[in-house]
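Engineer: Here it is, the structure, as structure tokens.
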Amino acid sequence: MQKKVDLITKEVKKIIQGKDNVIKMTLAAILAGGHVLLEDIPGVGKTTMAMSFAKALSMDYKRMQFTPDVLPSDLVGFNMYDKNLGEFRFQPGSVYTNLFLADEINRTSPKTQSALLEVMEEGKATVEGVTRELPNPFFVIATQNPFGSSGTQRLPESQLDRFIICESIGYPDTLSATAILKGSSEKDLGSIVPIINKEELLEMQKAVNNMHVDECLYDYIVEITEGTRRYDVFDLGLSPRGSIALLKMSKAYAYIQGRDYVTPDDVKAVYLPVSLHRVKLSSKSKAAGLPLEAALMNVLAAVNIPKIDFAQK
């Protein structure tokens, strides 16, 4: 499977250049069975990267541009009267797919965002009392513009917590920017070759879920989580769902490194993408000018790294 992991990332890199870590984290999130939030300014390739993954993983995908007039029924579907049949017929919404791309999610109404909440958490959609299962696998990759951009609003904490990671693509480096201008970066999504099918993806997810985790690593994750709940530094720390996300992402990151066991370095590697969108600094920390990332890294540095004999794994 390691070869297939490398091939998947290689295909996405055809389109997205110079962003190897973001690609790696997004793939890990998919293998962990989680949803991904990409927060960045317009035009850096958020939507393109999501579509690249859909093609490389042979997944059906649908894209919705979120605007203030998007309704919950546009997502989960609605019952429409069919005059020919003389009865109501269910018309599926956009979420009935493998990969749902929610573009500029923070530009739509809270009511529509709430409709997406059940879908993300349970993989089901309820319309007029009838609950329907979504296809398996199912992922949401959402993009949002930074808060303060025209027409945006903050996502509620309950919805942010449903995203296993939040990443920022950022501007390309100098070499990648030059390659883009010269046209040497292949911008045609049709150039991406499907690497695995849905069944293989489910097998990879199962392998990730079965990764070996040493007992001391559970304690390590709990200590890190509790460190973010120091209310003199943070107003909002990692929730239990956040600690589960940290464990799942650690397993997936270890898997894409070609191992069948998790190390403390795996936990440290995914710590920031899992945590940054879930915690809030206290007023005291903000007044002191403490950056959120620095506060989180202080927590990590204060926790003793467990000693594990990996030679016996």
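The values are calculated or read from the model by the stated rules, or taken from the named source; none is laboratory data. Because the structure is predicted, anything quoted here is derived from the model rather than measured. Every residue, glycine as well, gets a Cβ built from its backbone with ideal geometry; the counts of neighbours run over all protein chains shown.
Engineer: Among the candidates 109, 94, which residue alone is assigned by TED's automatic domain parsing to the domain that holds residue 31, at negative phi and in contact with a Lys or Arg (Cβ under 7 Å, 6 or more places away or on another chain)?
Structural biologist: The conditions single out 94.
Engineer: So, residue 169, is that one within 22 Å of residue 62 (Cα to Cα), surrounded by 13 or more Cβ atoms within 10 Å (Cβ to Cβ) and modelled with pLDDT of 95 or more or not?
Structural biologist: no
Engineer: While we're looking at this one, here's another question. What residue, of 86, 77, 123, is among the small types (Gly, Ala, Ser) and at pLDDT below 85?
Structural biologist: Selected residue: 86, the only one of 86, 77, 123 that is among the small types (Gly, Ala, Ser) and at pLDDT below 85.
Engineer: Looking at the structure I just gave you, is residue 116 surrounded by 14 or more Cβ atoms within 10 Å (Cβ to Cβ), out of contact with any Asp or Glu (no Cβ under 9 Å at 6 or more places or on another chain), modelled with pLDDT under 90 and not in a helix (DSSP H, G or I)?
Structural biologist: No: the conditions fail for residue 116.
Engineer: What's the total number of residues in the range 50-75 that are in contact with a helix residue (DSSP H, G or I) (Cβ under 6 Å, 6 or more places away or on another chain) and either among the small types (Gly, Ala, Ser) or closer than 16 Å to residue 130 by Cα (or both)?
Structural biologist: Matching residues across the range 50-75 total 4.
Results for (1) surrounded by fewer than 19 Cβ atoms within 10 Å (Cβ to Cβ); (2) free of Cβ contacts under 8 Å to residues at least 60 places away in the same chain; (3) not charged (D, E, K, R), shown as yes or no for each residue.
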{"site": "68", "(1), (2), (3)": "yes, no, yes"}
{"site": "74", "(1), (2), (3)": "yes, yes, no"}
{"site": "77", "(1), (2), (3)": "no, yes, yes"}
{"site": "83", "(1), (2), (3)": "yes, yes, no"}
{"site": "88", "(1), (2), (3)": "yes, yes, yes"}
{"site": "91", "(1), (2), (3)": "yes, yes, yes"}
{"site": "96", "(1), (2), (3)": "no, yes, yes"}
{"site": "100", "(1), (2), (3)": "no, yes, yes"}
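Engineer: What number of residues within the range 89-108 satisfy the criterion of being of a type in the set (Ser, Thr, Tyr) and at pLDDT below 90?
Structural biologist: Matching residues across the range 89-108 total 1.
Engineer: Same structure, new question: Take residue 262 and decide whether it is within 26 Å of residue 53 (Cβ to Cβ), in contact with a helix residue (DSSP H, G or I) (Cβ under 9 Å, 6 or more places away or on another chain) and outside the structural domain of residue 137 (by TED's automatic domain parsing).
Structural biologist: Considered against the rule, which asks whether it is within 26 Å of residue 53 (Cβ to Cβ), in contact with a helix residue (DSSP H, G or I) (Cβ under 9 Å, 6 or more places away or on another chain) and outside the structural domain of residue 137 (by TED's automatic domain parsing), residue 262 comes out as yes.
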